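Q: One structure follows; several queries about it will come next.
The values are calculated or read from the model by the stated rules, or taken from the named source; none is laboratory data. All values derive from a computational prediction rather than experimental measurement. In this analysis, Cβ positions are derived from the backbone assuming ideal geometry, glycine residues included, and neighbour counts consider all displayed protein chains.
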Amino acid sequence: VKQEVNHTFIDVVKQMQKDSLESARYDYYPLADIQSLSEVNQELVHHIIIFQNYYSDDQVYDVVEDVGFKISESNVYEQTNYDFDVMVLPKDVLEITFSYNKELYDKTSVIKFKNQFTKILQTIIETVEVEVADINILTELDSQKLLQEFNQTNADYPKDKSLHTLFEEQAEKNPHHIAVVCAGQKLTYQELNKKANQLARVLRQQGVQNEAIVGLIMDRSIDMIIGIMGILKAGGAYLPIDPTHPTDRIQTILSDAKVSLVVTSSGQARSLSLAVQAIDITVEDFYQGLSTNLDLAIDCHQLAYVIYTSGST
């Protein structure tokens, strides 16, 4: 039995040696060859980390002085084809240098990279067991800017204008700028304003007056934003209702708020079997009417929306 075990062990070792030798040819593969196999070729890699394996300048100075020579000054010029290099030099104290393409990076950005890199190293040294996901690369200065300076969003705005009026002014000023993006769809200010105007005219034709509460039962989408703006432009106040709520709760809210008209989608209207009139704004031919701004007397202090909470608040 002992002899069989020894033979088995020897066979395993031989197989391991064979596998090791066969895999050795994959230990090194030139980056140029890797890039040549890619569709983007030289664009595949722009940044590299280099662990330098030759003597540093200080070590060269020590060697030549030992043999009777002395170097008083030297200049080394290196050229790289990469936009950003991190080079680690093997000195008594580990030295790390950055080289970068000035056409793509400015000195301020590189200094910021250096500070973040240093923060990572300090975190690892101080907390050896730290996980990568828990490493914070922000310096105290960066944290202060993000949490305090950038959050200073207080701004003056006209107190005598309604929300939809301010939106109309923005649509006039930047008609082709993107106003809303959702799930791969987007609308410019001009497109959103026109659709909201068309919806507002339909709502007015259906009897919506100033401060009339209009239900809005839709998933979060571009259509929801059109619904909100359209209701406001018609002078009404929108009542958002989550379509996933139980039908009984939705009917109770609509009844309590005395809602007679709901803006929704055809699918949700059918699934909920609403007891009030429903306007489906998701049908393809809905937006056909006049799309100019409505000339309505809407006070900026009138009711804009109504929210029913779960009761916990």
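Q: List pairs: first in the range 242-258 and closer than 12 Å to A275 by Cα, second in a helix (DSSP H, G or I) and not aromatic (F, W, Y), Cβ under 8 Å, 6+ apart or cross-chain?
A: Filtered contacts from the range 242-258: T247/L272; I250/L272.
Q: While we're on this one: Would you say L192 is over 28 Å from the mean Cα position of the chain (by Cα), hydrophobic (A, V, I, L, M, F, W, C) and part of a helix (DSSP H, G or I)?
A: no
Q: Just to check your reading of the model, which residue among Q42, Q3, Q59 is modelled with pLDDT under 85, closer than 19 Å to V88 by Cβ and in a helix (DSSP H, G or I)?
A: Q59
Q: Hand me the list of helices (runs of 4 or more DSSP H) wholly inside the range 200-278 holding 3 or more residues that are under 21 Å from K186 (Cα atoms) and either of a type in the set (F, W, Y) or touching a helix residue (DSSP H, G or I) at 6+ places or on another chain (Cβ under 9 Å) (or both).
A: It comes to 222-233.
Q: Further, regarding this structure: Checking L290 against (1) assigned to a loop (DSSP other than H, G, I, E, B); (2) closer than 17 Å to I217 by Cβ; (3) of a type in the set (A, V, I, L, M, F, W, C), which single condition isn't satisfied?
A: Answer for L290: the failing condition is (2).
Q: List every residue pair whose Cβ atoms lie under 9 Å apart, where the two residues are 6 or more positions apart in sequence or sit on different chains, the first residue falls within the range 12-34 and is in contact (Cβ under 8 Å) with a residue 12 or more places away in the chain, and the second residue, located anywhere, is surrounded by 10 or more Cβ atoms within 10 Å (Cβ to Cβ).
A: Sorted first by the residue in the range 12-34, then by its partner, the pairs are L31/L44; L31/V45; L31/I48.
Q: Output the residue which, of all residues in the range 245-257 that are closer than 14 Å to L216 by Cβ and surrounded by fewer than 21 Cβ atoms within 10 Å (Cβ to Cβ), is modelled with the lowest pLDDT.
A: H245
Q: Restricting to the range 160-201, and then to whatever is under 20 Å from G235 (Cβ atoms) and among the small types (G, A, S), can you tell me which residue is modelled with the lowest pLDDT?
A: Among them, the one singled out is S162.
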